[in-house]
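J.: Pasting in a structure now, in structure tokens, and then I'll have a few things to ask.
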Amino acid sequence: MTASVLPWLGGGVVALAAGFLAALLPRRRARAQGRRVAWSSARAAIHDATVSRDASPTAVPEAERLLARAELLAAGRGGADAARAAAEHARRADELWRAGR
């Protein structure tokens, strides 16, 4: 009886491991892709804010502070939440420079 149970136990372990991996790998891949997209968006927003800063005829201290914060977050290379925060700071700085205040 023991010899006939071992293949079933082995098959159960393999099936359990396959199910676990089938659920885990797509989630990890989606999370990594979300993080890459968020950082790409943040870098684009920082670039746009930098261009607006260079084109602005007046200095805007609040926008400078926001851009510095966005660049600091980008240098830290955090997760997707940090990327979204950096993008938001950069977008707000861009808006302030475009408005000229």
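J.: Using a simple charge model, +1 on the beta-carbon of Lys and Arg, -1 on the beta-carbon of Asp and Glu, nothing else, what dipole does the chain show about its Cα centre, in debye to the nearest 20?
T.: Details: 16 positive and 9 negative charges, 53 e Å.
The dipole of the chain has a size of about 260 debye.
J.: Taking only DSSP H segments of four or more residues, each worth -39500 (n - 2.57), what value at 222 nm results for the chain once the sum is divided by all its residues, to the nearest 500 deg cm²/dmol? List each step's numbers first, then the result.
T.: Details: 3 runs with 90 residues, N = 101.
So the helix-based figure for the chain works out to -32000 deg cm²/dmol.
J.: What ranking, highest mean first, results for peptides 84-95, 48-59, 32-43, 3-14 when packing means the other Cβ atoms within 10 Å averaged over each residue? Mind dumping the intermediate values first?
T.: Working: 84-95: 21.4, 48-59: 13.8, 32-43: 15.4, 3-14: 9.0.
So the peptides 84-95, 48-59, 32-43, 3-14, ranked by packing, come out 84-95, 32-43, 48-59, 3-14.
J.: Shifting gears a bit: Sticking with the crude label model, points 7 Å out along Cα→Cβ, report the distance from residue 27 to residue 65 in nm, one decimal please.
T.: Label-label distance for residue 27 and residue 65, simple model: 4.0 nm.
J.: When only C-alpha pairs under 8 Å and at least 6 residues apart count, what is the relative contact order of the chain, in percent? Don't jump to the answer; show the numbers that get you there.
T.: On the way: 90 pairs, mean separation 34.0, N = 101.
Reported as a whole number, the value is 34 percent.
J.: Under the Kirkwood approximation applied to all pairs of distinct alpha-carbon atoms, what is the hydrodynamic radius of the chain in Å?
T.: Working: mean 1/r = 0.0612 Å⁻¹.
That comes to 16.3 Å for the chain.
J.: Identify, among 80, 51, 2, the residue whose Cα sits farthest towards the positive end of the charge dipole of region 2-99, taking +1 on the Cβ of Lys and Arg and -1 on the Cβ of Asp and Glu, with the dipole about the Cα centre.
T.: Going by the charge dipole, the pick is 2.
J.: Pairs of Cα atoms under 8 Å, at least six residues apart: use those to get the relative contact order of region 58-101, whole percent. Intermediate values should be presented prior to the final figure.
T.: Values: 37 pairs, mean separation 23.8, N = 44.
Once divided by the residue count of region 58-101, the mean separation gives 54 percent.
J.: Between the helical axis of 2-55 and the dominant principal axis of the chain, each derived from Cα atoms, what acute angle in degrees is found, rounded to the nearest 10?
T.: Rounded to the nearest ten degrees, it is 10.
Computed from the coordinates by the stated procedures, all read-outs in this text should not be read as laboratory data. This one's a predicted model, so the numbers in the text were calculated from it and none came from an experiment. Cβ coordinates were reconstructed from backbone atoms using ideal geometry, including for glycine residues, and neighbour counts include every protein chain displayed.
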